[in-house]
Amino acid sequence: MTAVTSADVVVTGPAIGSSARKEGGDTLLTGRGRFVDDYTLPGMRYAAVVRSEVPHARILRVDVREAEQSPGVALVLTGESAAAHAGPIPHFIDPAARGGRYTDVRCLAVGKVVYAGQPVAAVVADTRRQAEAAAELVRVEYEPLPHVLDGDDALAADAPLLYEEWPDNVVLHNHYGTGDVDAALESADLVISDTIRIARSTTAPIEPRGYLASWDRLDETLTVYGSLQNPHQLRWMVANSLGLDETAIHVITARVGGSFGLKMQGHPEETLVCLLSKLTGAPVKWIEDRREAFMAGAREQVHRFTVGAMRDGRIVGIRDQIVANTGAVSAQAGWAMPNMSATTLASGYTVPNVQAELHVVVTNKPPLNAARGFGKDSAHFVMERVVDLVARGLGLDPAEVRRTNFIPAGQFPYRTATGLNIDSGDFPGLLDKALAALDYDALRKRQADLRTEGRHLGVGLAFELTPESADGPGSFVSGFDVTTVRMTMTGKVTVYTGVTTPGGGNDTGIAQIVSDELGVPMSWITVVQGDTERCPGGFGNFSGRGMVTGGGSAALAARDVRAKIATVGARMLAVPVDEVEVAHGYVRAVGDGRTVPIPEVAAAVVTRAFAIANEVEPVLEATRAYKPGNIDHVPDERGRIQPYPTYSSCLHAAVVEVDAETGQTKLLDFVMVHDCGTIINPALVEGQAYGAIVMGIGAGLTERLVHDAQGRLASDRFKSYLLPRAGDLPTIRLEHQVTPSPFTMYGNKGAGEAGVGGAQAAVANAIEDALAPFGVTVREVPLPPPAVLALIDEARTK
Amino acid sequence: MNRVRLKVNGQEHEIEVESCTLLVHAIREDVGLTGTHVGCLTGDCGACTVLVDGASVKSCSVFAVSADGAEITTIEGLAGDEGLHPVQQAFWDEFAFQCGYCLPGMLLTTCELLDRDQDPDDAAIDQAINGNLCRCTGYASIRSAVRRAATRMAAGDPDALPESQRSESPSAEPPPSA
């Protein structure tokens, strides 16, 4: 035993709260990060998917003869033959479990297709090019059926039915909220009714989806590599649809090149690629191409609202009828997003009377897929437009109308009219910081000055409340997660966690937590994620849960291991255990500063189990689950449940100049004041926020998925679907406010989702503000130049 | 099939490709360097950017045969024995990537920019990286990284880093356990 003196100890500050650089950053920087398309296996073959070219039709015949004769082809699979080997794909969130309607979703269409792009057949060949060439030779004969692409049209009594076992095209119909809206509107000084449309946009990570499945004929086991968010859910889904034992399936998450919800599980190609490997006995890889990736919708809603406000700006009631076009049904969770649009309505405002009615409607468009914001973004877009319209109607400043209606900082937890129990926050504080950052009064003066020159500067504000770390009973949307912390006898630590990272960096944050809780340097820690054989059963990535549930469970497990290190270390230092601290790789006697290195303690636990470590269970490993507080599934007296532990909040401010001649919007400045409670790693939080803001700016200005009259995607590349580029953006300014959550391990809230809806609303509000001299009203996003010109024309002809 | 000679990151390769094989596929599949990524195959996202004879090229928009005899630099060729290239270091320090999928394009585009303009302003940076899409960062941190790299390289101090970070050799990920 070589206890050293304190002079030898290199002490650094706590890891939590520091902007530690990204774990494994050098691997990515040198091109050695292994994404799914970078895996190759011996004998690997490639799959291509034959997709429907029509939006709605019966499949009369699938002729595969020519394709089967094509060079290199090993298998051509049709929907009928796939159905003989694979059952329906279980839903990530079953609509029936939420009071909605169930329908079978299969990996390849059987009997009929319900959207252009739906998988109809698949080809496996020696090379990708051979597979794609053969896919072109599959002949599908269709009997066209009438189709419907618009959500309102799909609700009409004579609309074509997508799913013939349903009486209509409604997946979910629900009412939300409490209070007497009629009476509130009756009493209001100002009542506004209008319609807002949010067009279909998409997540568009730079890496599309992809899977590589390998069936072992001898062991009868399946190994799946994928660009995934939810490996354990995938294992369960594939086990169900292919009739395999879950323990026969090993899912390995490759590095994920961005996801933003897209790579949550439930996609038909997941089951399909596994089945193709099983049928061919070879490893089969399928990598989505960009055109296919653009089929995934992120949001598409129409809101018909009526709002009532008093002369002083107080909003007293809102009624909102929402029609959400979810496209065809998928087993992925996208259909459930509009539920959160309704639930989040009224946001962080004290609106006592809220009534929302939601129809989630199926149409012959491709399915919505889960997307950053998960429907909350649309609630914010509508609510922030509503607040601006109220301000305009009453001749009040939009900043002050927000302040008037915010839940006061002292009133948390606060139960909203729709049932959310907001844990904490300081919304007026966010507003103050944003206005100061803008120099709001000076900006308004500059706006007035520029108007005299015929120039159109606009300022748009938007508040955003982000319920995070959801729990949905009976689904795979889980509010807890599980982490194992394991220390070797040399003191090195491996953290195996059930949460996954789509690239944002929660592995770094979790390492920071373990570093502080266990008392070892960051460089001793490795974080393993996404592997169903190595990591404990968990739920992966969604709903800003990585640091709440992954970080919380890692902390608990690290504390268990630390307790043993402290016990044995104290004995080695011959002091009571409550007189040592464990930090920076050493156990230190508080009294005299003597230390013993943790590796020596770890070795002693294992090699002196019957001596100095006697009565300490000699395993330096712990597995713990963390369940945050504030989740309540018992309906209250008004039937409201509370599925979120914590609520992040932020305030956005966009400054634009609009060219009224060209319709071009130039974004001049953008400020976000962000409150995600205690911050584990500021740089990582900021990175997430910047990305979400820019995604929202894109959805507000340029991003729109366009389908032709036959439901075929017209915006199928980055030339026709316009993501913001560097030159389109000012340097976004971010400020933090910290109001810790009382319901999570460190007071941290979710980060990563906040940004989309608020930014989308802020730019839209800014454009309306810029064009106030024309009297325009923004009723739809995105707002590319032609839409802006149309707004001006519309206002002029009134 | 066509015989094509490429000098990739200083190493000679002779590969057999079809006439229609794209350079990005030749690099990934025939040369075997998978750090260059495919994001769109339409020349829009820039994740496949490499340097061909010193000029940035979207390797999805070039046939492999047309690069016969060329010197190519990929993301794997930036770090030397002494550690990461200053551009790589700057991207790490400035959190200029998250998922890392767009990184090959961002890094090589930055190298090309700093090769011809040692002190680019924001407009020049934006112009250089405008052909490269990033969905994670919102670009601000990338601009900061380009500026930091320029400053460091101008100071002639390519590895102006703490000793501990310089001595660490980059860790490779384990091969697939199939």
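The values are calculated or read from the model by the stated rules, or taken from the named source; none is laboratory data. Since this is a predicted model, take the numbers as computed values, not measurements. FYI the Cβ positions are ideal-geometry reconstructions off the backbone, even for glycines, and counts take in every protein chain you see. Each accessible area value is taken on the protein alone, full model and side chains, heavy atoms only, with ligands, DNA and RNA left out. Shrake-Rupley method; radii C 1.70, N 1.55, O 1.52, S 1.80 Å.
Computed values, structure above
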item	result
Helices (runs of 4 or more DSSP H) wholly inside region A:362-461 containing at least 1 residues that are without any contact (Cβ under 8 Å) to a residue 24 or more places away in the chain and of a type in the set (A, V, I, L, M, F, W, C)	A:427-438, A:440-452
Identity of the residue in region A:697-729, farther than 21 Å from residue A:291 by Cβ and more than 10 Å from chain B (Cβ to nearest Cβ), that ends up least open to solvent (accessible area, probe 1.4 Å)	A:700
Filter result (away from chain A (no Cβ under 13 Å), surrounded by fewer than 24 Cβ atoms within 10 Å (Cβ to Cβ) and of a type in the set (A, V, I, L, M, F, W, C)) within region B:11-41	B:15
Counted residues, region B:114-140 - those being more than 23 Å from residue B:50 (Cβ to Cβ), open to solvent by less than 20 Å² (accessible area, probe 1.4 Å) and not in a loop (DSSP other than H, G, I, E, B)	1
Residue among A:133, A:48, A:122, A:116 that alone is in contact (Cβ under 8 Å) with a residue 12 or more places away in the chain and more than 27 Å from residue A:368 (Cα to Cα)	A:133
Residues located in region A:243-274, provided they are more than 28 Å from the chain's Cα centre (by Cα) and among the hydrophobic types (A, V, I, L, M, F, W, C)	A:244, A:248
Contacts under 8 angstrom Cβ, first residue in region A:679-691 being more than 9 Å from chain B (Cβ to nearest Cβ) and of a type in the set (Val, Ile, Thr), partner part of a helix (DSSP H, G or I) and open to solvent by 20 Å² or more (accessible area, probe 1.4 Å), 6 or more apart	A:680/A:547
Checklist (1) assigned to a strand (DSSP E or B); (2) open to solvent by 20 Å² or more (accessible area, probe 1.4 Å); (3) more than 14 Å from chain B (Cβ to nearest Cβ) applied to residue A:495, failing item	(2)
Subset of region A:573-598 [assigned to a helix (DSSP H, G or I) and surrounded by fewer than 24 Cβ atoms within 10 Å (Cβ to Cβ)]	A:573, A:577, A:578, A:579
Wholly within region A:215-300, strands (runs of 3 or more DSSP E) carrying at least 2 residues that are open to solvent by less than 10 Å² (accessible area, probe 1.4 Å) and farther than 18 Å from residue A:500 by Cα	A:284-287
Some residue of region A:697-705 being touching an Asp or Glu at 6+ places or on another chain (Cβ under 6 Å) and over 22 Å from residue A:545 (Cβ atoms)	no
Matching residues in region B:56-86 - criterion: being within 9 Å of chain A (Cβ to nearest Cβ), β-branched (Val, Ile, Thr) and not in a loop (DSSP other than H, G, I, E, B)	B:75
Per-region count, region B:42-55, residues touching a residue at least 60 places away in the same chain (Cβ under 8 Å) and either in a loop (DSSP other than H, G, I, E, B) or open to solvent by 30 Å² or more (accessible area, probe 1.4 Å) (or both)	5
Neighbours by Cβ (under 8 Å, 6+ apart or cross-chain): first from region A:151-176, under 17 Å from residue A:357 (Cα atoms); second surrounded by fewer than 15 Cβ atoms within 10 Å (Cβ to Cβ)	A:172/A:99; A:174/A:99
Test: residue in region A:659-670 that is out of contact with any helix residue (DSSP H, G or I) (no Cβ under 8 Å at 6 or more places or on another chain) and β-branched (Val, Ile, Thr)	no
Residue satisfying all of: in region A:730-768; on the phi > 0 side of the Ramachandran plot and either at pLDDT 95 or above or among the hydrophobic types (A, V, I, L, M, F, W, C) (or both); surrounded by the fewest Cβ atoms within 10 Å (Cβ to Cβ) among these	A:747
Identity of the residue in region A:26-85, within 28 Å of residue B:102 (Cα to Cα) and assigned to a strand (DSSP E or B), that ends up nearest to the other protein chains (Cβ to nearest Cβ)	A:35
Selected residue (only one of A:139, A:98 is at pLDDT below 95 and not aliphatic (A, V, I, L, M))	A:98
